[in-house]
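Bear in mind that the values in this text are calculations on the coordinates, not laboratory data. Values in this document were obtained by computation on a predicted structure and should not be read as measured data. Here the Cβ is made from the backbone with ideal geometry for all residues, glycine too, and neighbour counts use every protein chain on show.
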Amino acid sequence: AKRDGRGVYRFFEVQMGVAVREKRLLENDLRNALARGEFSLVYQPQVNVQSGEVTGFEALVRWTHPTRGQIAPSTFIPVAEECGLILNIGDWVTRQACAEAAGWANTVTIAVNVSPVQLHAPGFVARLRAVLQETRLDPRRLEIEITETALIRDLTRTIATLDEVKALGVRIAMDDFGTGYSSLANLRAFAFDRIKMDQSFIRSVDRSDQSAAIVRAVLGLGSGLKLPVVAEGVEREEELEFLRHEACAEIQGYLFSRPGPIGDFAAVTSGRSRS
Ligand code: C2E
Ligand code: CA
Ligand code: CA
Ligand code: CA
């Protein structure tokens, strides 16, 4: 067959059509998902490297589509952000996670991912305050995780919003640290409580001099700024050994546990795992 430029162009046109249609379909189904109770939360333990104790959990949303089964957050969160549904989904996640955590042993913390779209929407702090009052969760046990993309827009307003969040007593973690723009400037401009080091740096930290140098540098930065560092995506014993040796505060990852339904962690949430 003749492969001219036009054929290639048509091919992309068709592919784009599929992508757009797929997005519309997802968006449609997302609109009903909350009301139909298709969302759930799984929880991943955050573990103190020195003591081995679980200090808290990160809540991660799951969507079970009626015909397509599990759809990954990396697929539907961007669609939800684009059409604004992330506001309702985000409110549901926060309320659900806080209500759950309010029933745990009162030392165990809960971390919730907050999309930039949520953070910048009017009334974000007021809704957060309402959820805390409604669930009676001690605000000091809640941490919101935000990525650097949230910090690009309107610096002055973002600082004001995060200051209001902190005034509630809620803590703030910088998520995926090292993958965004101008990470260092952001650490200075915003009052973060913790750094979550992206899993791409942890992967094979024991086998790559470059990764090792970056991880050491981030841990040094955290220690200098008095910001505890959580290492994400720890999968292998050798990675944990490296992090322990370099005095990383906490880890999350498949090595300790995959995210799971909260019932899987009853010993921790009830406080029974502490002697
Ligand atoms: P994230 O906030 O960086 O979350 C960490 C992701 O890494 C989670 O994927 C988690 O399951 C996965 N993970 C944890 N340990 C390991 C490990 O050892 N190895 C590997 N390969 N992966 C590990 P998940 O649950 O698919 O979430 C993906 C992203 O979707 C999250 O990245 C976050 O950006 C977003 N997301 C998830 N839940 C929510 C939510 O409730 N609200 C918002 N706005 N975003 C969410
Ligand atoms: Ca996160
Ligand atoms: Ca992360
Ligand atoms: Ca991420």
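Table for the structure above
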{"read-out": "For the chain, built as a Gaussian network whose Cα springs stay under 10 Å, the top-fluctuating residue of 243, 34, 137", "value": "34"}
{"read-out": "Placed amide H near residue 55: partners under 5 Å, 5+ positions off or other chain", "value": "46, 47, 48"}
{"read-out": "Using alpha-carbon coordinates, inclination of helix 155-167 to the longest axis of the chain, degrees", "value": "40 degrees"}
{"read-out": "Rg/Rh for the range 48-125, where both radii come from Cα atoms and Rh is the Kirkwood radius", "value": "1.04"}
{"read-out": "Crossing angle, helix 86-102 versus the chain [Cα axis fit, 0-90 degrees, rounded to tens]", "value": "30 degrees"}
{"read-out": "Residue among 49, 20, 93 with the largest mean-square fluctuation in a Gaussian network model of the chain, springs linking Cα atoms under 10 Å", "value": "20"}
{"read-out": "Helix axis angle, 5-33 relative to the chain longest principal axis, alpha carbon, degrees", "value": "50 degrees"}
{"read-out": "Antiparallel bridges, percent of DSSP beta bridges restricted to the chain (to nearest 5)", "value": "45 percent"}
{"read-out": "The range 165-235: proportion of alpha-carbon pairs further apart than 14 angstrom, %", "value": "59 percent"}
{"read-out": "Å³ per residue enclosed by the Cα convex hull of the range 194-271", "value": "96 Å³"}
{"read-out": "Descending semi-axes in Å of the range 23-87, equivalent ellipsoid built from Cα gyration tensor", "value": "30, 12, 10"}
{"read-out": "Net charge, residue 99 excluded, C-beta distance under 10 Å - Lys, Arg +1, Asp, Glu -1", "value": "0"}
{"read-out": "In sequence order, calculated HN-Hα J values of the range 133-149 (Karplus, 6.51, -1.76, 1.60; Hz; x Gly/Pro)", "value": "5, 4, 8, 6, 7, 4, x, 5, 8, 9, 10, 9, 9, 10, 8, 5, 4"}
{"read-out": "Placed amide H near residue 113: partners under 5 Å, 5+ positions off or other chain", "value": "59, 145"}
{"read-out": "Distance histogram for the chain (every C-alpha pair counted, 10 angstrom bins, percent rounded to whole numbers)", "value": "6, 26, 32, 23, 9, 3, 1, 0"}
{"read-out": "GNM flexibility winner over the chain from 85, 25, 187 (Cα, springs under 10 Å)", "value": "25"}
{"read-out": "Efficiency of FRET between residue 204 and residue 88 - r from beta-carbon atoms, R0 41 angstrom, step 0.05", "value": "0.60"}
{"read-out": "Percent breakdown of C-alpha pair distances by 10 Å bin, ordered from the shortest bin, for the range 105-225", "value": "12, 41, 31, 14, 2"}
{"read-out": "Tensor-based shape of the range 47-183 (alpha-carbon gyration tensor, a/c under 1.5 rounded, otherwise prolate or oblate)", "value": "rounded"}
{"read-out": "Rounded Å value of the spacing that divides the Cα centres of the range 173-246 and the range 119-148", "value": "25 Å"}
{"read-out": "Whether the range 146-198 is rounded, prolate or oblate, judged on the alpha carbon gyration tensor where a/c under 1.5 counts as rounded", "value": "oblate"}
{"read-out": "Gain on full stretching of the segment that runs from residue 42 to residue 264 - 0.36 nm per residue minus C-alpha separation", "value": "78.9 nm"}
{"read-out": "Residues of type aspartates and glutamates that residue 23 reaches as a straight line, Cα spacing below 16 Å, ignoring anything fewer than 8 places off in the same chain", "value": "13, 81, 82"}
